[in-house]
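Worksheet: one structure, shown below.
The values are calculated or read from the model by the stated rules, or taken from the named source; none is laboratory data. Because the structure is predicted, anything quoted here is derived from the model rather than measured. Heads up, the Cβs are rebuilt from the backbone with ideal geometry, glycines too, and the neighbour counts pull from every protein chain shown. Surface areas here come from the heavy atoms of the whole protein model, side chains and all, with no ligands, DNA or RNA. Shrake-Rupley method; radii C 1.70, N 1.55, O 1.52, S 1.80 Å.
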Amino acid sequence: MNLKRYGGVITGLICLIVLISGCVSMEDLTSGYLSGDNLSNSTGKITAYGVSFEYPSGWFAHADNTTGDNTITASKDFGFNNVQFQVTVWNNDGMSEDSAVNLLRENDSPGWKKISSNELTIDNKTAYEDVYLVNDSHFSKIMRISSIILVKNDKSYMMFLQAPDDEFDSERANFDIILNSFRVL
């Protein structure tokens, strides 16, 4: 048998065997999920770690706890200086709301300059927002990051809205889609 002549057929059979074996399914490929990674490039809603929210068309949503943190990220683009929303969920283990908020608000990161503080209502509960301009060597641009803390049902939800400073205001409508639909389940 001439391997050059049948190389394409052999490769096709190997791919078919891999698909049939369940290593990767066509459903995984068409839905944007690969190997349980929870990465989606469709519009819609993501539900994980006891929360759900909608994200804008064209964004990607990803749920991850590989580091032990229950984190969900929704990003407009891939990359470090991108526009994104991130939420991490922690158990408060009986800590009061004030203690949890104060603990999470302590931020003395070098290069982070607080420019405002606000109270918001998210999922019918008061949330606390601190907005920072971040001139950090990790970023190639000055970033604006809104840090929002919501405490509900003995859990803390630490949210970050991130965009380059010169794009943050134009992304507000996208951030509002997420914040207005955010629900603790």
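Observations on the structure shown:
- Per residue value of the accessible surface for the stretch 109-185 (all protein chains in place, 1.4 Å probe), Å²: 49
- All aspartates and glutamates inside 17 Å of K141 as judged from Cα atoms, apart from same-chain residues fewer than 8 positions distant: D77, D165, D166, E167, D169, E171
- For a label point 7 Å along the Cα-to-beta-carbon line of S57, residues of the stretch 75-102 with backbone N under 12 Å: none
- Sparse packing (at most 15 other Cβ atoms within 10 Å of the Cβ) combined with a DSSP loop state is found for the following GluC sites (Glu not before Pro) in the stretch 49-140: E106.
- Cβ-derived FRET efficiency at R0 22 Å, N180 paired with F78, nearest 0.05: 0.30
- Distance between the modelled labels on S137 and D64, one decimal in nanometres: 2.3 nm (7 Å Cα→Cβ projection).
- Partners for K125 among lysines (Cα-Cα distance below 29 Å; same-chain residues under 8 apart left out): K45, K76, K113, K114, K152, K155
- Rg and Dmax over the alpha-carbon atoms of the stretch 105-185 stand at 13.2, 38 Å.
- Quarter of the Cα convex hull surface for the stretch 84-133, i.e. its orientation-mean projected area (nm²): 4.5
- Using a probe of 1.4 Å, the accessible surface attributed to V184 totals some 20 Å² when neighbouring protein chains are kept in position.
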